[in-house]
Amino acid sequence: MLKKKFIKWSPQMSAPFNFPVAGEWLYVKYGFDSAVTPYLGGTNLLQDGMAVSHQLEKEIKGHVPKGTDLLWDSWTERKWYQADIDFSRKEKKILKNALLSTFPSYDNFDDLLNPKQKNGSYDIFNICIFPGGKIRYYLESSDYNRRICLDGLHSQAKEIQMNQDFLYGGSGMRARSEEKYWDTMDEYFDEMLLQGKYYLPLETIENEYDSNTRDRIEYYRKHGAPNPAMWDPYFKRYNYRVAVLMEDSKSKLWSECCHFTNAEMYERFLPVNPDNVIDRPSPLANMDFKWDSAGYAYAANLYFNEEETFAIFQEAFNGQDNSLDNSLGELRILVGKNNDSISASLIVNGKSYSFNKIQMDIERCREHYLVGDYIYKNYKEPHQKFVGR
């Protein structure tokens, strides 16, 4: 008998990497009158990147998420937002159908080099909080080889004025203390952003904290609060596919992992699940792939330039979201005959647009998953990254 598919999911929350938030009250609603949160305090859940978070072991079975109940502060905007969302019947149907769907996946738990075919499914429900109070929702496989953005499901929070109890440490379920932690809300945000009387040189921030904190603070000091419209191009979909080609006909592509600007991603092992791709994706942000040639195993990482990428997609598709256009484009990744060079171009309606600002590295070894030697690298760490990631 066919095994019946049951709905199960774990909650996650996230925010764009450079624009962290602090959650005071973060819940996903389900069932008749139940809610669950992945949030245990601190900010590590909410500053890892779009749809990226630390998963907690809280699994919900048999129920579809039916809404969210959120209260958070957006540091770089110096604002508070609140959202008490109940999904409509149509939105819950979108979620249910996606949670019941499957996709071609793989299992390499027993043998990394010989993955086995299996049906994958989504079991992580991620709520991503953006500046401006925009909320987007993602589903991901806990095998981490596919993530999708639910375009038909998004919400808008409202900006609020936080009450003065917060300055005394009182919010959510925490009681107000006698001691006042901050004199004003501006002082609170100053502390969170290492600004004001907490202002430190960037080198000191990196030494005392880490390079990620330095990057966030440096961006904020240069540009201030983000414009929520900066994410509009991140979520535009285009009718194209990614194709890795080899000049040497004896070279064989082994695996491929693509990350797109809207945080969607897929990973596929060509002999096992070649059909695990995302149709009409947003622009490609970075990718890695592996191939075999002449007794060696190769691995490459490609990091696209944000300004160049959006400009090329804008020009190639005439500034339009061509997600419903019947003409198919191809982002062609071409590996040179000697396996030590890679070029990339977007081909739409017979016209080719070359990417000239990609950072990349190529590694060679005797077998995949072993430590190899770089045979090509055109950048120094850290590699370039998309600002709104």
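Is at least one residue of region 146-159 open to solvent by 60 Å² or more (accessible area, probe 1.4 Å) and either of a type in the set (S, T, N, Q) or more than 30 Å from K93 (Cα to Cα) (or both)?
yes
Which residues, taken from region 33-61, are open to solvent by less than 60 Å² (accessible area, probe 1.4 Å), modelled with pLDDT under 85 and closer than 14 Å to I124 by Cβ?
Selection gives P38, L45, D48, S53, Q55, L56.
Scanning region 137-168 for residues that are out of contact with any Ser or Thr (no Cβ under 8 Å at 6 or more places or on another chain) and of a type in the set (D, E, K, R), which turns out nearest to F189 (Cα to Cα)?
If we take residues in region 137-168 being out of contact with any Ser or Thr (no Cβ under 8 Å at 6 or more places or on another chain) and of a type in the set (D, E, K, R), then E159 is nearest to F189 (Cα to Cα).
Of the residues in region 279-290, how many are open to solvent by 30 Å² or more (accessible area, probe 1.4 Å) and part of a strand (DSSP E or B)?
Number satisfying all stated conditions: 3.
So, in region 9-29, of the ones that are over 25 Å from V387 (Cα atoms) and among the hydroxyl-bearing types (S, T, Y), which residue ends up least open to solvent (accessible area, probe 1.4 Å)?
Filtering first and then ranking leaves S10.
Pairs only if they're at least six apart or on different chains, beta carbon under 8 angstrom, first in region 208-228 and of a type in the set (S, T, N, Q), second open to solvent by 40 Å² or more (accessible area, probe 1.4 Å) and in a helix (DSSP H, G or I); list them, first residue then second.
T213/E206
List, please: which pairs have Cβ atoms under 9 Å, are six or more places apart or on different chains, and start with a residue in region 291-308 that is within 12 Å of I342 (Cβ to Cβ) and assigned to a loop (DSSP other than H, G, I, E, B) and end with one that is of a type in the set (D, E, K, R) and open to solvent by less than 10 Å² (accessible area, probe 1.4 Å)?
none
Mind checking which residues of region 181-218 are open to solvent by less than 80 Å² (accessible area, probe 1.4 Å) and among the basic types (K, R)?
Result: R214, R216.
Please find, within region 219-233, the residue that is surrounded by the most Cβ atoms within 10 Å (Cβ to Cβ) out of those that are part of a loop (DSSP other than H, G, I, E, B) and over 17 Å from the mean Cα position of the chain (by Cα).
P226
Y353 - would you say it is crowded, with 17+ Cβ neighbours inside 10 Å and either over 30 Å from F19 (Cα atoms) or at pLDDT below 95 (or both)?
Judged against the criteria, Y353 is a match.
Identify all residues within region 247-278 that are under 17 Å from the mean Cα position of the chain (by Cα) and not in a strand (DSSP E or B); write none if there are none.
Selection gives T261, N262, A263, E264, V277, I278.
Provide a single number: the residues in region 149-165 that are within 13 Å of D73 (Cβ to Cβ) and either without any contact (Cβ under 8 Å) to a residue 24 or more places away in the chain or not aliphatic (A, V, I, L, M) (or both).
Number of matching residues: 3.
When the residues of region 76-133 are filtered to those that are among the aromatic types (F, W, Y) and either surrounded by 15 or more Cβ atoms within 10 Å (Cβ to Cβ) or in contact with a Phe, Trp or Tyr (Cβ under 7 Å, 6 or more places away or on another chain) (or both), which remaining residue is farthest from K8 (Cα to Cα)? Reasoning before the result, please.
Just the residues of region 76-133 that are among the aromatic types (F, W, Y), to begin with: 80-81, 87, 103, 106, 109, 122, 125, 130.
With either surrounded by 15 or more Cβ atoms within 10 Å (Cβ to Cβ) or in contact with a Phe, Trp or Tyr (Cβ under 7 Å, 6 or more places away or on another chain) (or both) added as a condition, the list becomes 80-81, 87, 103, 106, 122, 125, 130.
Working: W80: 32, Y81: 29, F87: 18, F103: 16, Y106: 20, Y122: 8, F125: 10, F130: 26 Å.
If we take residues in region 76-133 being among the aromatic types (F, W, Y) and either surrounded by 15 or more Cβ atoms within 10 Å (Cβ to Cβ) or in contact with a Phe, Trp or Tyr (Cβ under 7 Å, 6 or more places away or on another chain) (or both), then W80 is farthest from K8 (Cα to Cα).
State which residue is farthest from G295 (Cα to Cα) when the search covers only region 356-385 and only residues that are open to solvent by 70 Å² or more (accessible area, probe 1.4 Å) and aromatic (F, W, Y).
Y376
Have a look at S171, S142, S177 and point out the one that is out of contact with any helix residue (DSSP H, G or I) (no Cβ under 9 Å at 6 or more places or on another chain), open to solvent by less than 60 Å² (accessible area, probe 1.4 Å) and either among the small types (G, A, S) or at pLDDT 85 or above (or both).
Going through S171, S142, S177 in turn, the sole match is S142.
The values are calculated or read from the model by the stated rules, or taken from the named source; none is laboratory data. Just so you know, these numbers come straight off a predicted model, no measurement behind them. Positions of Cβ are generated from backbone atoms using ideal geometry, with glycine treated the same way; all protein chains shown enter the neighbour counts. Accessible surface areas use protein heavy atoms only, side chains included; no ligands, DNA or RNA. Shrake-Rupley method; radii C 1.70, N 1.55, O 1.52, S 1.80 Å.
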